[in-house]
Amino acid sequence: MSTVAFIGLGLMGEPMARNLLKGGHIVRAFDVRTDAMTALANEGAVSADSPADAAAGAEYIFTMLPSGKEVNQAVFGENGFAQSMNENTLFIDTSTILPADTDEISAKLAANGRKMLDAPVGRLAQNAIEGTLLFMVGGSESDLENARPLLNLLGDEIVHCGAVGMGARMKIVNNYQSTALNILTAETLTLAEASGLDVKLAIKVMSETTAGRGHMSATYPKQVLSGNIEPGFMIDLAHKDLGLALETTAALRTPAFLGAAARQAYSIAQSKGQGRKDWTSVYITLKQLAGLDT
Ligand code: NAD
């Protein structure tokens, strides 16, 4: 049984702290909303007055806060826990924050011999309740092994992404895809509905094609990621097909923000002579634009 400080008891933090409590640990909880601590206190958690108070005597300190500003405040602000941490305490930040903030916070702590993991989570509040989160962890192997029994109470998948800061970076990459794809999905279903299609039927059809199966699992592993850019489906044809869809969105006056931007990317790939290569080779074009080795 360990003493665990938990700071930030919102949609995610409260059920996570509860799962630590259920796992038999002593939980010292803090949130700026004092009412957020009531339910947990009734279940046996200790309500703390500040981050420093929460961390007093704790072997582990978790934060689950909105952004880097609040994490910084909890660590280094007035009554921040940097003052009550010692070299045996492990700080685990599970918030989604800018990697540059993670780098700065971890460097300041390391300069005083204090240990930190960044461990942002994938999945949603329901998974926090069920203890089925996915953790993307940055930090040393030994710190991760130290944290693992606690993370196992909160999640069912732990991925070590590299040194401190790499968990935060993985989370940003993951969110880029998931948040942008959400808009593309909304654009697509809006187009389906405006075209007079039954949306459920459209989803059923697309679940059986690359549209719904997703490039990461359906096309990229077989094509561009294995060095094969000979066409299964050519960029020229993708450019043509997206053009047909954009003409249709224009006629129906449905939004096509991401579709319009995607067509530009296919056009650029064509201008670089990739037109008769596989559509996944647009990845090579984008890497060239980013100045990466191809
Ligand atoms: P939330 O707003 O429900 O919870 C944040 C909590 O932090 C609140 O209870 C708030 O009062 C508290 N807080 C704010 N400033 C504080 C401070 N200085 N000191 C102490 N407590 C403070 O947000 P959430 O949905 O729980 O998200 C938390 C983090 O998890 C965010 O970084 C979010 O991006 C990330 N995340 C959320 C989800 C999700 O599905 N909700 C999924 C994955 C990751």
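The values are calculated or read from the model by the stated rules, or taken from the named source; none is laboratory data. Since the model is a prediction, treat every value here as computed from it, not as a measurement. In this analysis, Cβ positions are derived from the backbone assuming ideal geometry, glycine residues included, and neighbour counts consider all displayed protein chains. Just so you know, the surface numbers come from the protein's heavy atoms only, side chains and all, with ligands and any DNA or RNA stripped out. Shrake-Rupley method; radii C 1.70, N 1.55, O 1.52, S 1.80 Å.
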Quiz item: Using a Gaussian network model of the chain with C-alpha springs under 10 Å, which one of Thr254, Thr63, Thr89 is most mobile by mean-square fluctuation?
Solution: Thr254
Exercise. Please report, largest first and rounded to whole Å, the three semi-axes of the ellipsoid equivalent to segment 213-294, where each semi-axis is the square root of five times an eigenvalue of the C-alpha gyration tensor.
Key: 23, 14, 12
Quiz prompt | Karplus-derived 3J(HN,Hα), 6.51/-1.76/1.60, for each residue of segment 267-279, Hz, glycine and proline x | solution = 4, 5, 4, 4, 5, 9, x, 9, x, 9, 9, 4, 4
Quiz item: Under 5 Å between amide H atoms, partner at least 5 residues away or on a different chain: which partners does Ile61 have, H built in plane at 1.01 Å?
Solution: Ala5, Leu90, Phe91, Ile92
Quiz item: In terms of Cα to Cα distance under 17 Å, which lysines are near enough to Lys287, apart from those fewer than 8 places away along the same chain?
Solution: Lys272, Lys277
Quiz prompt | Loop-exposed GluC sites (Glu not before Pro) per DSSP, neighbour cap 13 Cβ within 10 angstrom, longest uninterrupted part of the chain | solution = 88-207
Practice problem: Report the antiparallel proportion of the DSSP beta bridges in segment 1-107 as a percent, rounded to a multiple of 5. | Solution: 0 percent
Quiz item: Per the Cauchy relation, a quarter of the hull surface: what is the mean projected area of the convex hull of the alpha carbons in the chain, in nm²?
Solution: 18.3 nm²
Quiz item: Rounded to the nearest whole Å², what accessible area per residue is found for the chain with the 1.4 Å probe?
Solution: 52 Å²
Self-check item: Karplus (6.51, -1.76, 1.60) ³J(HN,Hα), θ = phi - 60°, over segment 202-216, in Hz, Gly and Pro reported as x
Solution: 4, 5, 4, 4, 5, 5, 9, 10, 4, 3, x, 6, x, 5, 4
Exercise. Quantify, in whole percent, the carbon and sulfur part of the accessible surface of the chain (1.4 Å probe; protein heavy atoms only).
Key: 56 percent
Quiz prompt | Förster-model FRET efficiency, 30 Å R0, Thr209 and Glu141, C-beta, rounded to 0.05 | solution = 0.15
Exercise. Taking DSSP loops as anything outside H, G, I, E and B, show the longest stretch in the chain free of trypsin sites (Lys or Arg not before Pro) there with at most 11 other beta carbons within 10 Å.
Key: 34-252
